[in-house]
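In what follows, a single structure is set out as structure tokens and then discussed.
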Amino acid sequence: GAAVTLENVRKIYQLGEPVHALDGVSLSIPRGSYTAIMGPSGSGKSTLMNLVGCLDTPTDGTVIVDGKDVTALSERERTRLRGTQVGFVFQTFNLMPRLTALENVALPQTFQGVGKDERRERARDLLARVGLADREDHLPSELSGGQRQRVALARALVNDPALVLADEPSGNLDTDTEADVLDLFAEFHDAGTTMVVVTHERHVAERAERIVHLLDGRIERIEELEGVGVED
Ligand code: ADP
Ligand code: ADP
């Protein structure tokens, strides 16, 4: 089955002149697949990610996440679905300024009933995998932009979400760190996580199984990349 299905989705922002951010998008994202979204600025990438992540609802059409029709859920039910299913790796990383890197990464698990020692261990493991083993006691203000982004990445992945949504995940990263992050995504994908990554970088998109090209709020084309079988 599909992790996410969009059927004829339209999103219109109404601030004065209506903006058709998405204009009839149908897309099925198979469970366990790895999808990249590309397109020029303003083509609807962020709007699409917000819908897939249950942060927003469409003006028209249907969004189904984990078998549930998002448009039929209450705000509260959407929040729960998000919390249990989705890991967000977005540019606005919202780390808690008074918590250390380790505490920030461990935080989401407190809402999942995980014990304290296990939380710390899992957070430590994720921080090591993003190359920040020696920074766990630093506050966000003591970290560089790229390091903060990696803390946010570790936090997004710590609950083992079924669906990971990443918006320009390697935007501020140097080449080595970017490679680490993309390798980490590949590991999660290999373990069965559904990955959706918005990027302007062709080489980042090419780590996915297919690239969805957006233009003016529509799917211009879907490019299947070599050596994969994502159909299910
Ligand atoms: P992208 O991520 O590809 O740059 P967006 O999804 O952010 O595209 O935006 C698509 C269109 O919708 C753009 O014309 C943008 O200006 C508009 N838009 C996005 N968010 C809002 C909003 N909250 N209110 C009004 N217009 C918006
Ligand atoms: P990045 O490429 O990850 O953004 P920077 O070049 O900004 O890295 O930072 C390089 C080093 O400087 C990092 O190892 C980081 O620990 C340190 N650093 C950056 N900002 C601060 C800060 N505000 N306080 C302490 N150390 C910092």
Give Val151, Val164, Val196 a once-over and let me know the one that is within 15 Å of ligand 2 (Cβ to nearest atom), of a type in the set (Val, Ile, Thr) and surrounded by 14 or more Cβ atoms within 10 Å (Cβ to Cβ). Val151
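So, in region 168-180, of the ones that are under 15 Å from the mean Cα position of the chain (by Cα) and surrounded by fewer than 22 Cβ atoms within 10 Å (Cβ to Cβ), which residue ends up modelled with the lowest pLDDT? Reasoning before the result, please.
Within region 168-180, the first condition is being under 15 Å from the mean Cα position of the chain (by Cα), and the residues that meet it are 168-171.
Still in the running and surrounded by fewer than 22 Cβ atoms within 10 Å (Cβ to Cβ): 168, 171.
Values: Glu168: 87, Gly171: 77.
That would be Gly171.
Filtering region 105-132 down to residues that are under 25 Å from Asp56 (Cβ atoms) and of a type outside the set (Phe, Trp, Tyr), which residue is surrounded by the fewest Cβ atoms within 10 Å (Cβ to Cβ)?
Checking each candidate, the answer is Gln112.
Out of the residues in region 53-76 that are outside any loop (DSSP other than H, G, I, E, B) and touching a helix residue (DSSP H, G or I) at 6+ places or on another chain (Cβ under 9 Å), which is nearest to ligand 2 (Cβ to nearest atom)? Reasoning before the result, please.
Initial filter on region 53-76 (outside any loop (DSSP other than H, G, I, E, B)): 60-65, 68-72, 75-76.
Adding the requirement that they be touching a helix residue (DSSP H, G or I) at 6+ places or on another chain (Cβ under 9 Å) leaves 61-65, 68, 70.
On the way: Gly61: 40, Thr62: 41, Val63: 35, Ile64: 38, Val65: 33, Lys68: 38, Val70: 36 Å.
Here the residue is Val65.
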Any idea which residue in region 130-146 is nearest to ligand 2 (Cβ to nearest atom), counting only those that are at pLDDT below 95 and not in a helix (DSSP H, G or I)? Ser144
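So which residues in region 149-167 are under 11 Å from the mean Cα position of the chain (by Cα) and away from ligand 1 (no atom under 16 Å from the Cβ)?
Of region 149-167, the ones under 11 Å from the mean Cα position of the chain (by Cα) are 153, 156-157, 161-167.
If the condition is that a residue be under 11 Å from the mean Cα position of the chain (by Cα) and away from ligand 1 (no atom under 16 Å from the Cβ), then Leu153, Ala156, Leu157, Pro161, Ala162, Leu163, Val164 are the ones that fit.
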Would you say Arg82 is outside any loop (DSSP other than H, G, I, E, B), over 19 Å from Phe185 (Cα atoms) and touching a strand residue (DSSP E or B) at 6+ places or on another chain (Cβ under 9 Å)? yes
Residue pairs qualifying under the 8 Å Cβ cut-off, at least six apart or on distinct chains, with the first in region 162-191 being farther than 18 Å from Lys45 by Cβ and touching a residue at least 12 places away in the same chain (Cβ under 8 Å) and the second being acidic (Asp, Glu) and away from ligand 1 (no atom under 16 Å from the Cβ), are Ala162/Asp66
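What is the residue count in region 24-54 for residues that are farther than 19 Å from Ile211 by Cα and within 11 Å of ligand 1 (Cβ to nearest atom)?
Number of matching residues: 0.
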Please name all residue pairs, on different chains or six or more residues apart, with Cβ atoms under 6 Å, provided the first residue is in region 10-29 and is within 23 Å of Asp69 (Cβ to Cβ) and the second residue is away from ligand 2 (no atom under 16 Å from the Cβ) and among the aromatic types (Phe, Trp, Tyr). Ala21/Tyr13
Consider Asp69 carefully, then state whether it is of a type in the set (D, E, K, R), farther than 17 Å from Leu163 by Cβ and modelled with pLDDT of 90 or more. no
Odd one out for Thr100 among (1) at pLDDT below 85; (2) more than 16 Å from ligand 1 (Cβ to nearest atom); (3) hydroxyl-bearing (Ser, Thr, Tyr): (1)
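The values are calculated or read from the model by the stated rules, or taken from the named source; none is laboratory data. Owing to the predicted nature of the structure, the values given are computational and were not obtained by experimental measurement. Quick reminder, even Gly has a Cβ in these numbers, built from the backbone with ideal geometry, and neighbours come from all protein chains shown.
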